[in-house]
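The values are calculated or read from the model by the stated rules, or taken from the named source; none is laboratory data. The model shown is predicted, which means the values in this text are computed figures rather than measured ones. All Cβ positions, even for glycine, are placed from backbone atoms using ideal geometry, and neighbour counts span all protein chains on display.
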């Protein structure tokens, strides 16, 4: 049976690379973003990738995509916008826009996919809110709350918060490796590089 | 600019792979038996040591490239450049060697058609599950649920990044036509070690050939993993071997 993955933020960056890797591994991939040109680039010459233009901040639009998709076995929610500049200098409206996309967007994706996974007693749900900032912390707290409520029902919940500057492929490697860890290991970290041997043997 | 129509898309050459990851193992095999396997191409195996040829198994995840995302498994042999007699010494015997691609299953239709049409690569469709992120990297090639081959590669030690991009010739033989394809590789995040491969062979004809070469019992010369690989494939030219 072919497995279906939903990848948000699939037009660029981590989401695009996640969508391509899953497509390479013969998953049916539903790739979602607001940027249709970027989506077309991600899905080029990939017949098992299906693109849907959708803003995750719009709960109705997310529900519509899922109604067309059918059961989803893995979610990689990578749609997140980075706030511009220091937190203190951001206008309230700007912060509200970031929280709406990054936090409320994550909630929309979870509410559209997790109940089905729980019903089937299987699935993998990755929330990738970015490295730092209030919205990433909020998504991490939301993941903890989900785990506390639903943690023992067969669905793997993961909140992925890599260190700044970690290449996307190392983040995805860390996500893959996290699948083999106990379900309770909800938080996935990734570093820019593995520690080189010279550092291991350096005198302290 | 050379271009090919593949499934309604225009694929221009050279074809560029921007991000791939690889696990591979090289084995010393009896040269006579290896020559019998690739004799259909008209090419001759290289013998770094007299009587020994080199067979390479590789599994590749193409994440970003001109042929779309896919998984691939390769069985290749080092071959001498056609029409040139072997030079003396180990360096002479390795001068100008290329990689003859004997078998190249893939798991996606676009790259299947592109590979066969543009370069005559012996691609066929298979299920190719792969784990490139575990400590031991693994790959299997399956047809309708039956396993043809499984390869596991243990972790090696990090290698320094090379300065230049190695260029080799890839050879292929499809429908009686032997071709040469200039191929450039730019690897990074390379780890390698002696030995370190485990091969399990199933009941596929190619698995039978590899069993005849002793690959299910042999210790690998070396195994390698490449975390990030970029490649360029030029157009193919026919070779009169």
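Quick rundown of the values:
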| item | result |
| --- | --- |
| Of the criteria (1) farther than 28 Å from residue B:214 by Cβ; (2) crowded, with 18+ Cβ neighbours inside 10 Å, which one residue B:167 fails | (2) |
| Any hit, region A:48-55, residues being more than 25 Å from residue B:18 (Cα to Cα) and either within 12 Å of chain B (Cβ to nearest Cβ) or in a helix (DSSP H, G or I) (or both) | no |
| Members of region B:97-112 that are within 14 Å of another protein chain (Cβ to nearest Cβ) and not in a helix (DSSP H, G or I) | B:105, B:106, B:107, B:108 |
| Scan of region B:170-182 for residues that are surrounded by fewer than 19 Cβ atoms within 10 Å (Cβ to Cβ) and in contact with a strand residue (DSSP E or B) (Cβ under 7 Å, 6 or more places away or on another chain), ordered by number | B:177, B:182 |
| Odd one out for residue B:58 among (1) more than 14 Å from chain A (Cβ to nearest Cβ); (2) buried (at least 18 other Cβ atoms within 10 Å of the Cβ); (3) touching a helix residue (DSSP H, G or I) at 6+ places or on another chain (Cβ under 9 Å); (4) at pLDDT 95 or above | (3) |
| Lone qualifier among B:115, B:68 - being on the phi > 0 side of the Ramachandran plot, crowded, with 22+ Cβ neighbours inside 10 Å and either within 14 Å of chain A (Cβ to nearest Cβ) or out of contact with any strand residue (DSSP E or B) (no Cβ under 6 Å at 6 or more places or on another chain) (or both) | B:68 |
| Selected residue (criterion: farthest from residue A:49 (Cα to Cα)) from residues of region A:21-32 that are touching a residue at least 12 places away in the same chain (Cβ under 8 Å) and part of a helix (DSSP H, G or I) | A:21 |
| Which listed residue, of B:92, B:145, is over 19 Å from the mean Cα position of the chain (by Cα), within 14 Å of chain A (Cβ to nearest Cβ) and surrounded by fewer than 24 Cβ atoms within 10 Å (Cβ to Cβ) | B:145 |
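Condition check ((1) within 14 Å of chain B (Cβ to nearest Cβ); (2) part of a helix (DSSP H, G or I)) across all residues:
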| position | (1), (2) |
| --- | --- |
| A:10 | yes, no |
| A:19 | yes, yes |
| A:46 | yes, no |
| A:72 | no, no |
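Results for (1) farther than 30 Å from residue B:188 by Cα; (2) under 14 Å from the mean Cα position of the chain (by Cα); (3) at pLDDT 90 or above; (4) more than 13 Å from every other protein chain (Cβ to nearest Cβ), shown as yes or no for each residue.
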position	(1), (2), (3), (4)
A:116	yes, no, yes, yes
A:145	yes, no, yes, yes
A:160	no, yes, yes, yes
A:176	no, yes, yes, no
A:181	no, no, yes, no
A:185	yes, no, yes, yes
A:192	no, no, no, no
A:195	no, no, no, no
